[in-house]
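The values are calculated or read from the model by the stated rules, or taken from the named source; none is laboratory data. As the structure is a prediction and not an experimental result, all values here were calculated from the model. Cβ placement follows ideal geometry from the backbone for every residue including glycine, while neighbour counts extend to all protein chains displayed.
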Amino acid sequence: MPIISYSILIYALVALMALFIYGIIGSMYIMNLDIINSLYYTVITIATVGYGDIIPITPVQKLFTITLVLGGVGLVAYVFTLALTVISMAVEEVTSGSRQRRRIAAAKNHFILCGYGRVGSAVFKQLQRRNQEAIIIERNRNIIEKELWEEPEILAIPGDATDEDILKSAGIKKARGIIIATGEDVDNLFITLTARELHPEIWIVARASKSENIKRLYRSGADKVISPETSGGEDIYFAAIQPTLMKITMMHGVSNIKKEAEIILRYGATLENIEYHLPEFKEPLVRKIEISQMDELNKFMDSLERDPARKSSLQRVYESVSGIHSHWISGQDRESLDRIVGELKKEGLLLGVNLNDDEIKEAARKHGRIVEVIVKPEIKITESHAVGDIRKEAEIILKHGCTMEDIEYYLPGFHESLHRNIGLSRIEDMDNFLKSLNEDSKKMESLERLYSLSGGGIHSHRITGPDTKSLANVENELKAKGFLLGVNLSKEEIETKIREFGRVVELLLRHEVTNLDDKKIIMGLKGRILDSKHYLPGVRQIVTRNLYISSEEDVKNCEDELKRPDARRSVESLYKISRQIHSHTVAAPDVKTIKKIEKALDNKGILLGVNLPEEKIWEIVESQPDDDE
């Protein structure tokens, strides 16, 4: 089928509209009709209906009608034919992949990725994350059709990358680089030779499954050879992007972070990391960033505004390094990197490009100021205790001359901990804090609720001390007291401790609205209900009600609430929509009590599960029959 531009159809429609305008104006001035009859006469004449109620009489009127009829018949038929053709083209594009082929043919300055297995898919994720265009060549047609072609933005060609014609169809002569990630070293060697022959200047990164083939791949023309045994997808990505990877050294304050990042992102580059250069340290302090989208930048800037403590910490870091830091940035091409450098220099933010360590130190000595860096011994302790044990914990820490720098709570459903700076070094300050709790019942209740939510009292402190011996004494005494769960635990280890020692659990239940057995059982065993969550199927929304039921009196209040008509109707509607399924976050004095509560609820036949993942909860809710069915 010949390719027809969509613009031709637009031109034809414009011509048909012009014919209508000609017919209406001619009918008004030649046929002497009003506007409504002119529109009517034009339509029936172009459509060749001709009811005979309006008849041309004069020669001029007859000539006008002839032009309108001939023009209408020809133009309407032409537009109709074009429309059918364009629709057929659209259908063919969807079914035959011609749109993909056109996009592949138009691609330039892109990467070609050969092989979409374990390594290839990991590399492709890195390319996607940084907005790098890539065309995938994969010999397994099932992967192409069932996985890659399901995503309309992914460009993929089924075929063997050792075939010269396949590499040509992937646009190797216009590509900036080729990443060869198949699992067979022989194939990788052949692809490297073919790619170098077709495009002598292309940047080639090849995978070597066996170490003895690394030299062979280099000799065949590869610029970089990566072994998956020691490298992941990110390492292969950086090897591929090396020709357009640049290190820029900057000097500015926190207030100019957004301006710097906007310049870099405007040209499609990615901020890979940040390196802070302290004069007293041989090596810089490095942190990954991997920002390539404006919304990622805006999210980071918003987090600074929402969290003054975080912003203050960042400002102190910038002050410590006199604002001098470096970024590795990866760009689309050398031209875009040059433009970034030009703009950063114009804004007065840039100190240099691709500076070595000695040059950066010299810049720090020249532009920076001498800072005093005091490093105190410190440990992170993770504990479990009640609010009533706060003072005893503080006594142990402070009597050894140590400082309680902060506290972290771990709330269910949140990936990051809730952090608060304390800076407590005097027992008098702790006594003043406890006094304020005793005088303000709402403040005490809020703290107890926070402790309950955080695994029933599981939290962490960063402790600094005059020496490591003092910290060891603190650790031993907290362990002897039964407070300590661990020292310098990772995030995963803390989550394991919460599951093992946590005194908070989420129970999934199903019962009628008038059945308060769950609340009575939990109160009877000295537990507390922190909230109630209802799951609305279809829209998959969760409605959370803060309850904090901690006594038999609170249960009685729930019963009284259900006696009020408005409240009862609201709660009944919620129960009906959620198919009488809901969950409670329950806290108890110890793990043993939690187990008793679970067993009692199970014996009542109302317990559906404990600490279930959200997807599993939705499966249970949506599998229940609707009350209306």
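Only one of the numbered conditions (1) in a helix (DSSP H, G or I); (2) modelled with pLDDT of 85 or more; (3) over 14 Å from GLY342 (Cα atoms) is violated by GLN242, and that is (2).
Condition check: outside the structural domain of ARG449 (by TED's automatic domain parsing), surrounded by fewer than 19 Cβ atoms within 10 Å (Cβ to Cβ), in contact with a strand residue (DSSP E or B) (Cβ under 8 Å, 6 or more places away or on another chain) and of a type in the set (Lys, Arg). Does LYS526 satisfy that? Against the criterion (outside the structural domain of ARG449 (by TED's automatic domain parsing), surrounded by fewer than 19 Cβ atoms within 10 Å (Cβ to Cβ), in contact with a strand residue (DSSP E or B) (Cβ under 8 Å, 6 or more places away or on another chain) and of a type in the set (Lys, Arg)), LYS526 does not qualify. For region 42-59, the condition of being part of a helix (DSSP H, G or I), over 60 Å from the mean Cα position of the chain (by Cα) and hydroxyl-bearing (Ser, Thr, Tyr) holds for none of the residues. Flag not set for ALA472, criterion: more than 16 Å from MET404 (Cα to Cα) and of a type outside the set (S, T, N, Q). Look at region 135-163: where a residue is in contact (Cβ under 8 Å) with a residue 12 or more places away in the chain and over 20 Å from ALA195 (Cβ atoms) and a partner is part of a strand (DSSP E or B) and among the acidic types (Asp, Glu), sitting 6+ places away or on another chain with Cβ atoms under 6 Å, you get ILE144/GLU138. Do we find a residue being more than 18 Å from LEU453 (Cβ to Cβ) and loosely packed, with under 14 Cβ neighbours inside 10 Å anywhere in region 577-588? Checked against the condition, which is being more than 18 Å from LEU453 (Cβ to Cβ) and loosely packed, with under 14 Cβ neighbours inside 10 Å, region 577-588 yields no hits at all.
Within region 185-227, if we keep just the residues that are among the small types (Gly, Ala, Ser) and assigned to a helix (DSSP H, G or I), the residue that is surrounded by the fewest Cβ atoms within 10 Å (Cβ to Cβ) turns out to be SER211. Within this structure, SER303 passes the test of being of a type in the set (S, T, N, Q), more than 25 Å from GLU359 (Cα to Cα) and not in a loop (DSSP other than H, G, I, E, B).
Taking region 587-617 as the range and being at pLDDT below 90, under 24 Å from ARG540 (Cβ atoms) and part of a strand (DSSP E or B) as the test, only VAL610 passes.
Just to be sure, is VAL555 surrounded by fewer than 16 Cβ atoms within 10 Å (Cβ to Cβ), in the same structural domain as LEU530 (by TED's automatic domain parsing) and hydrophobic (A, V, I, L, M, F, W, C)? Here the answer is no, as VAL555 does not meet what is asked. Among the acidic types (Asp, Glu) and out of contact with any strand residue (DSSP E or B) (no Cβ under 6 Å at 6 or more places or on another chain), is that true of ASP440? So ASP440 passes the test. The number of residues in region 572-629 being closer than 21 Å to ILE549 by Cα and of a type in the set (Val, Ile, Thr) comes to 9.
None of SER336, SER326, SER322, SER303 is closer than 30 Å to ILE204 by Cα, hydroxyl-bearing (Ser, Thr, Tyr) and touching a Lys or Arg at 6+ places or on another chain (Cβ under 8 Å) except SER326.
The single condition among (1) under 21 Å from SER121 (Cα atoms); (2) at pLDDT 90 or above that SER209 does not satisfy is (2).
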